[in-house]
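Working notes for the structure below.
The values are calculated or read from the model by the stated rules, or taken from the named source; none is laboratory data. All figures in this text were calculated on a predicted structure; none of them were measured in a lab. Please note: Cβ atoms are built from the backbone with ideal geometry, for glycine as well, and neighbour counts cover all protein chains shown.
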Amino acid sequence: MKSTVIALAGKGGVGKTSISAAIIRELVKMFPNKRILAIDADPAIGLATALGITNVGQTIDDIRKSITEAGEEDKTKKKAIELLGEARFQLLNAMIETQGFAFLAVGRPEAAGCYCSINSYLKQVISAVSEEFDFVVIDGEAGIEQINRRVMEKVTHLILVTDPSRKGTNVIKVIKQVADELTMYSKIGVIVNRYNDSRIDEYLNLGKLPILAKIPDDKELALTDVMGKSVLDLDDDSLLIKGVDEALKNLDIKGGISK
Ligand SMILES: Nc1ncnc2c1ncn2[C@@H]1O[C@H](COP(=O)(O)OP(=O)(O)OP(=O)(O)O)[C@@H](O)[C@H]1O
Ligand SMILES: [Mg+2]
């Protein structure tokens, strides 16, 4: 099977990380024998917590640093690929010990400012490791930067997340436009998160973008979050999990079939 690379994008704070974690949880449940990788592509870090992971291990930034420290910047690409080979091996091994999925974080570069170099590594990592996994779920950084920098080029399924705000929907419309040019997605759709009022429907104005699911405010998620528990602890019938199941079904990722 060709790997399915699912990325989540949207404005800050709309629910990308919670939804990414719920997708991982549901993929593990639906496909216990498939190789599944979760990538936290947000330097602000959050997916690990949402997945209840305390030991993040080697990050992409660590790989980048070890290359820079070796003072071989001219050989950067070659070295990066060798290191990725090693990381790939470790990831596959680590998977057996975790709860049915592997985890990789982009890490948090110490130098303030531009994440360009880390993003270019991230792009290489996505191409290199996705071959080893059946499913890759990427929790993206807020906004448009990673789409613009072609980090998400290899994505097959692009999930745009918004809350019912105009700002949120404007951001996903811009992301869609840029993604049309710079990514190779075959499926795209919107999850409207924190949806509580059907009166907003006529104003959502998403053009031709299909809505994959509408997820209401989930009190159980809020409680889980404040208690420091993970999305893995949610009940199967929680609103977040039900919404994510519906979105996966609308993307044709359900019941053992992934197109
Ligand atoms: N449907 C929901 N019901 C209740 N709380 C929610 C819902 N979706 C998200 N939240 C809460 O909103 C907060 C932000 O969610 P989350 O971290 O998933 O967003 P994000 O898009 O990843 O944010 P960022 O851009 O900062 O990474 C979290 O505290 C999360 O628990
Ligand atoms: Mg997040």
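List of remarks:
- Hits in segment 180-194 - residues which are in a loop (DSSP other than H, G, I, E, B) and either in contact with an Asp or Glu (Cβ under 8 Å, 6 or more places away or on another chain) or at positive phi (or both): 183, 184, 194
- Test: residue in segment 207-223 that is assigned to a strand (DSSP E or B), more than 16 Å from ligand 1 (Cβ to nearest atom), surrounded by 14 or more Cβ atoms within 10 Å (Cβ to Cβ) and touching a residue at least 24 places away in the same chain (Cβ under 8 Å): no
- Summed over segment 211-259, residues that are more than 19 Å from the chain's Cα centre (by Cα) and under 16 Å from residue 190 (Cβ atoms) total 1.
- Looking across segment 1-43, the residues that are within 15 Å of ligand 1 (Cβ to nearest atom), closer than 25 Å to residue 239 by Cβ and either modelled with pLDDT under 90 or assigned to a helix (DSSP H, G or I) (or both) come down to 16, 17, 18, 19, 20, 21, 22, 23, 24, 25, 42.
- Whenever a residue of segment 37-51 is within 22 Å of residue 128 (Cα to Cα), its partners that are more than 8 Å from ligand 2 (Cβ to nearest atom) and polar (S, T, N, Q), lying with C-beta atoms within less than 8 angstrom and at least six residues away or across chains, give the pairs 37/130; 41/146; 48/54.
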